[in-house]
Structures are given as C-alpha cells and as structure tokens.
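Engineer: Pasting a structure here, questions to come.
Coordinate-derived values only; no laboratory data. Predicted model, so just to flag it, every value in this text is computed and none were measured. All Cβ positions, glycine included, derive from the backbone under ideal geometry; neighbour counts span all protein chains shown.
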Amino acid sequence: MRVPWYGLSLVASLGFAASVTLAQQDPALVFAVVTKISKDHKQVTAQVLDGTAVSEATLIPSDAILDNPIWKKLEICHSLKLEAWKQPEGYRIASVRGLDAGMLPMPLQGLAGDCLLRKALEVAPLVD
C-alpha cells in the first residue's frame with residue numbers, strides 16, 4: 001500500500017506543529033527544597049511542589065541558569081522558586097530565585113525546616 005506524498009507531508013507537519021506547541025508552553029511555577037547536588041551542578045535533586053503534591057524530582061538547568069550566581073552557590077537545604085517545564089527526566093528550569101524557607105508554601109516549609117536542623121546538627125560538632 002502506497003501512501004501519497006501529501007499524506008506524508010500532512011503527518012510531518014502535524015508532528016512539527018505538536019513539537020512547536022510544546023516549546024511555546026509557558027513554564028510552570030514550582031517551589032523546591034534542594035536535597036542533593038551533583039559536583040558540576042548540572043543535575044540537582046529536590047523536593048518539588050508543583051501545584052498540590054510534593055515529590056522528589058530532578059532539576060535540570062539551562063545554560064543560562066548554570067551561569068546564574070544563585071545556581072553556582074547552590075547548597076543542600078536551599079529553597080527555590082522556579083519557572084520550569086516538566087519533562088520525563090525532571091524539570092527543565094527557565095528561571096530561578098532563592099527564597100527564605102518561611103516564604104515557601106506550607107507543604108515544603110516542614111521539609112525545609114527539618115533539612116536545616118539536620119544540617120545545623122551536622123555542623124555543630126565541628127564548631128567546638
């Protein structure tokens with residue numbers, strides 16, 4: 001069975017239109033508490049609130065974000081406000097802002113507080 005040339009072009013144009021639509025979607029607003037950072041900062045694991053549910057996800061910065069001073073100084077327990085696209089491998093970040101843990105939505109405030117307490121207890125023995 002032969003497919004006419006216009007049938008193939010129609011399928012190709014529909015596929016192209018779908019990919020353009022995905023690229024033009026506005027990024028979602030998400031909040032995150034960093035739980036693990038790779039040495040090169042190219043992938044960060046965090047507890048992420050996207051709407052109503054908190055889940056562990058990978059944050060993947062764009063090249064512009066990698067040069068951002070906030071991203072360069074990122075540490076465990078940092079609280080972030082992100083604009084990002086959800087992808088199968090994680091969240092592709094469009095913009096990032098550092099937040100005080102008290103400015104996070106309620107579902108993440110407890111996680112951030114626990115993280116900061118654990119971090120303080122790990123550092124406290126080193127101070128004496």
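Engineer: Sum up the charges of everything whose Cβ sits under 9 Å from the Cβ of Ser95, counting Lys and Arg as +1 and Asp and Glu as -1, but leave Ser95 out.
Structural biologist: Around Ser95, the charge tally is +1.
Engineer: Additional query: Show me 99-106, 74-81 ranked by packing, highest mean number of other Cβ atoms within 10 Å first.
Structural biologist: 74-81, 99-106
Engineer: Then there is this: Would you mind putting 107-115, 62-70 in packing order, based on average other-beta-carbon counts within 10 Å, highest first?
Structural biologist: 107-115, 62-70
Engineer: Tell me the relative contact order for the range 27-127 as a rounded percent, counting alpha carbon contacts under 8 Å between residues six or more apart.
Structural biologist: So the answer I get is 28 percent.
Engineer: From the C-alpha gyration tensor of the range 27-127, pull out the three semi-axes of the equivalent ellipsoid (sqrt of 5λ each), sorted largest to smallest, in whole Å.
Structural biologist: So the equivalent ellipsoid measures 22, 16, 11 Å along its semi-axes.
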